[in-house]
Amino acid sequence: MVFPYPDDHTAPRSVHLGIDLTDGGAHPAAWRAVGSQSQRLFDAGRLLELVTTAQRGLLDLVTFDDGFALQPRGRGAVQGRLDAALVASRLAPRSAGIGLVPTIDTTHTEPFHVSKAIATIDHVSAGRAGWQVSWSTGAPEAAAFGRKGPQGEADAVAEADEAVEVVTRLWDSWEDDAEIRDASTGRFIDREKLHYIDHEGIRFAVKGPSITPRSPQGQPPVVVSATSDEALALAARRADVVRVSAVDAGQAAAVRARIRDAAAAAGRDPDTVRVLVDTYVVIGADRASAQARLDLLEDLDGITWDTDSLTHVGTARDLAATVEEWTEGGSADGFHLRPSSLSTDLDAIVDQVVPLLQSAEIFRREYPGTTLRQTLGLERPANRFATAPVARETA
Amino acid sequence: MSTVNPGSRARKQIHLGVHFPGVNNTTVWSDPRSASQIDFSSFEHLARRAEEARLDFFFLAEGLRLREHKGRIHDLDVVGRPDTLPVLAAVAAVTDRIGLAGTINTTFNEPYELARQFATLDILSGGRAAWNLVTSSDAFTGENFRRGGYLPHAERYERAAEVVEVARKLWDSWGDDAVLADRRTGDFLRPDAVRPVDHRGKHAQVSGLFTTPRGPQGHPVLFQAGDSTDGRDFAAATADVVFSAHSTFEAGRTFYDDVKGRLAAHGRARDALKILPATTVVLGDDLQDAQAKAWEIRLQQVPGRTAIAFLEQLWGRDLEEYDPEGPLPDVEPDVDNVSITRGRVRHAADPRAVAAAWRAEAEANDWSIRRLVIEKTARGGFVGTAQQVADDIDRHVQEDASDGFILVPHLTPGGLDEVFDRVVPLLQERGSFRAEYAGTTLREHLGLAAPGRGDDPETADLTSATLVG
Ligand SMILES: Cc1cc2nc3c(=O)[nH]c(=O)nc-3n(C[C@H](O)[C@H](O)[C@H](O)COP(=O)(O)O)c2cc1C
């Protein structure tokens, strides 16, 4: 089935596929699998190989988790993280097509810094940045900053909400054509087109404008995981891409409908929100060998893999069938794939699942443009501060 | 290898960095050759050309609030730049050896976050990260930050010192070669490879485990760019490199002696700290040709409106009615209006006295406003043939006016191409500048020792030797 985007009648609509490139894979013991390159976990070369593979599969975007607490020791889990925004930026000049979406926390960071970091990744990637919004409720994160105590979920999400407001306003604080380089008047910018955001919120005040001009996408897509009722409400208000948990198509359809309703209630067009179902992936040549791979990981880990969303243990063909069934049934706009082991499952997704989806004509055969918004089928938004031309000062 | 100078082996080695053009009137945007200060291609061009010339590092400045003049955003100079560290991470992807130095403020950032960003940059660049610590702490900049948290001027270096102290504790809290990745036992990290940090100070309270492995350099190279007595002491105690504004020979020697003289008190050797003034280069076929070109650039850098805006900073009042090609204003400065320009330091303690002196000087020389401003904002810099400039740069270094320079182009991004092509080879020929990188890290390029783990007994044993042994 092929149907057009409302705003572009030539591009066939595609299912959206994101991929989680955190650590060595979504399973805690992934790094202990043969071929996991666990010694190279923090190596830029390994990360580049992963992104290159994802881009070969024409996937929409990659995400990198991040946080200000070291993962707890024990059960053989990976420990250690690189700053996700810098990882994304490091990968930008060596990739094309694929969206780069680092996680940045809102509880302990400055919205001004977050805004220019994501805008800069958008500049260096020529329009492929996104921002996965996170917040922290933990004591270790609070102790790492020492400025305030740990916060509850509702409080942290409310703070994230305000941070997203400030970040997105700063992204608009320069109009696209603010830089004029007018030698005749000696003016580099038209300062009428730079805007103070003058945010005076409940939790903080930020003046603006940003130091960084508006980026290629204007507003890099905002990604939020709807992990709680509060988070779902935040996502419906502010996210372009919402990650949800669901174990069957009915549950996915219900949560998608909830998000779309809440988005509409917040005055948004629900068709501008992409709902992706988090999907854990263990692929094998047949079901038994996929299960054997998982058994091996579980043996190493010592416990059953306890996932919170759709978990596919089986063949590429079965995964493609699930993707087709759920999207065509309206349960999801796409999937955020979380390979159990990046070294094995990512290749299987790109080399086996993607061609099947292409044959079924539900997945793109080339990127529709160069930016992440284009890939997601989202228009470049107008600048909220741009006004009809007014009489300018003469000076 | 030098065949020119028999004493070449003993020559002091010159260190050279490149400064991406800044948001001030040194950068000429009106020239048709001037490209974007935002597009990544500009950063890539300058960094790659500098690396081909085997320079030590690529440098980015930072300012966290757009400059304002007379209550409005200053629009005459280049305005706007991308975020320092993401740009450097991206430049790491298109270069292999050149150091990557980023200016990051210590007042409006928290040490835990900065430590992990610099550790990450160091890892992702294979040991090429440097942090230029700056301390702007004004309330004007603070308005962009939720934490507010601007500081009394006197405390800016106190906080900077504490931020660095915490960052070092965090970098030192991971052992060398911490990643064991033992698939059999399930030990991802070497047992005890990460130690908790517990810092309780006046400006920072940081405790817990650090998230990020130690970078190849241990600590990034630390730069400092402040000129006050406090700034110089902070540099002597803490920094590996001073980014100075004293580029002329005499001022350079005085500054060099002063700062190097402060090292002993901190138990540091004279060559543990490199002093690198910012400078410019203008090349010509002969001296006259170069001087003519330099004058043309000065005229581009100081158009009439820029000259008036410069005077307004001192006068503290609107001078737009005055003709930049005419004589200096006869009105007196408004000494109370100290904040006519914000986001930049005002220069004079006594504006009336300075104004009187400038008026007298302009009258005596028959200078217009614009001409006076061109003279007053001259920063020296090297002007001559490639040979003359190479000789001069070498003399400054061999005679201890500096350990090298940070080259500031006036055009984005190609303003130094000629210097790379014509001056650097002459320095290489005489054995004063490397013809090839000898090492892979910025620390190695600068000839700096690996950082110790301080005197902290908690982490002193986290070196590879003890862990492996
Ligand atoms: C050569 C030079 C370059 C500087 N570059 C920057 C910069 O890029 N960003 C910034 O915020 N401050 C910059 N500064 C300001 C200093 O870091 C410092 O905050 C300021 O000079 C006040 O400290 P002081 O009183 O010790 O001079 C620079 C200073 C000098 C001398």
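The values are calculated or read from the model by the stated rules, or taken from the named source; none is laboratory data. Every value quoted in this text rests on a predicted model; they were computed, and no experiment measured them. Neighbour counts run over all protein chains shown; Cβ positions are idealised from the backbone, glycine included. Note: areas computed on protein heavy atoms with side chains; ligands, DNA, RNA excluded. Shrake-Rupley method; radii C 1.70, N 1.55, O 1.52, S 1.80 Å.
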- Pick from segment B:200-214, criterion in contact (Cβ under 8 Å) with a residue 40 or more places away in the chain and open to solvent by 10 Å² or more (accessible area, probe 1.4 Å), ranking: nearest to the other protein chains (Cβ to nearest Cβ): B:P213
- Task: Scan A:T387, A:T370 and give me the residue that is without any contact (Cβ under 8 Å) to a residue 12 or more places away in the chain, hydroxyl-bearing (S, T, Y), assigned to a loop (DSSP other than H, G, I, E, B) and closer than 30 Å to A:D176 by Cβ.
- Result: A:T387
- Item | Among the residues listed as B:D336, B:D318, B:D350, the single one being under 21 Å from B:R72 (Cβ atoms), out of contact with any helix residue (DSSP H, G or I) (no Cβ under 9 Å at 6 or more places or on another chain) and more than 16 Å from the ligand (Cβ to nearest atom) | B:D336
- Pick out, from segment A:38-156, the helices (runs of 4 or more DSSP H) lying fully within it that include 2 or more residues that are of a type in the set (S, T, Y) and closer than 26 Å to B:T103 by Cβ. A:111-124
- Message: Could you check segment B:66-89 and list, in sequence order, the residues that are more than 7 Å from every other protein chain (Cβ to nearest Cβ) and in contact (Cβ under 8 Å) with a residue 40 or more places away in the chain?
- Response: B:R67, B:E68, B:H69, B:K70, B:H74, B:L88
- Message: So in segment B:123-151, with the set limited to residues that are more than 19 Å from the chain's Cα centre (by Cα), more than 12 Å from chain A (Cβ to nearest Cβ) and not charged (D, E, K, R), which one is most open to solvent (accessible area, probe 1.4 Å)?
- Response: B:Y150
- Qualifying position, being among the hydrophobic types (A, V, I, L, M, F, W, C), in contact with an Asp or Glu (Cβ under 9 Å, 6 or more places away or on another chain) and under 21 Å from A:G152 (Cα atoms), among A:A246, A:A236: A:A236
- Message: Given the condition in a loop (DSSP other than H, G, I, E, B) and more than 22 Å from the chain's Cα centre (by Cα), answer yes or no: does some residue in segment B:14-21 qualify?
- Response: no
- In segment A:157-192, what residues are hydroxyl-bearing (S, T, Y) and either closer than 30 Å to A:A236 by Cβ or part of a helix (DSSP H, G or I) (or both)? A:T168, A:S173
- Task: Give the residue, chosen from A:A84, A:A44, A:A77, A:A96, that is at pLDDT 95 or above, of a type in the set (A, V, I, L, M) and more than 22 Å from A:P221 (Cα to Cα).
- Result: A:A44
- Note on the structure: For segment B:176-199, the count of residues that are open to solvent by less than 60 Å² (accessible area, probe 1.4 Å) and either within 10 Å of chain A (Cβ to nearest Cβ) or at pLDDT 95 or above (or both) equals 14
- Query: From B:E155, B:E165, which residue is of a type in the set (D, E), within 16 Å of the ligand (Cβ to nearest atom) and either open to solvent by 40 Å² or more (accessible area, probe 1.4 Å) or within 12 Å of another protein chain (Cβ to nearest Cβ) (or both)?
  - Reply: B:E155
- If you check B:S244, B:S173, B:S228, which single one turns out to be assigned by TED's automatic domain parsing to the domain that holds B:P451, away from the ligand (no atom under 11 Å from the Cβ) and hydroxyl-bearing (S, T, Y)? B:S173
- Mind checking which residues of segment B:376-414 are in a helix (DSSP H, G or I), at pLDDT 95 or above and not aliphatic (A, V, I, L, M)? B:Q387, B:Q388, B:D391, B:D392, B:D394, B:R395, B:H396, B:Q398
- Note on the structure: Taking segment A:283-325 and keeping residues charged (D, E, K, R) and open to solvent by 20 Å² or more (accessible area, probe 1.4 Å) leaves A:D286, A:R287, A:R293, A:D295, A:E298, A:D299, A:D306, A:D308, A:R317, A:D318, A:E324, A:E325
- Item | B:L88 buried (at least 23 other Cβ atoms within 10 Å of the Cβ), out of contact with any Gly (no Cβ under 7 Å at 6 or more places or on another chain) and of a type outside the set (D, E, K, R) | no
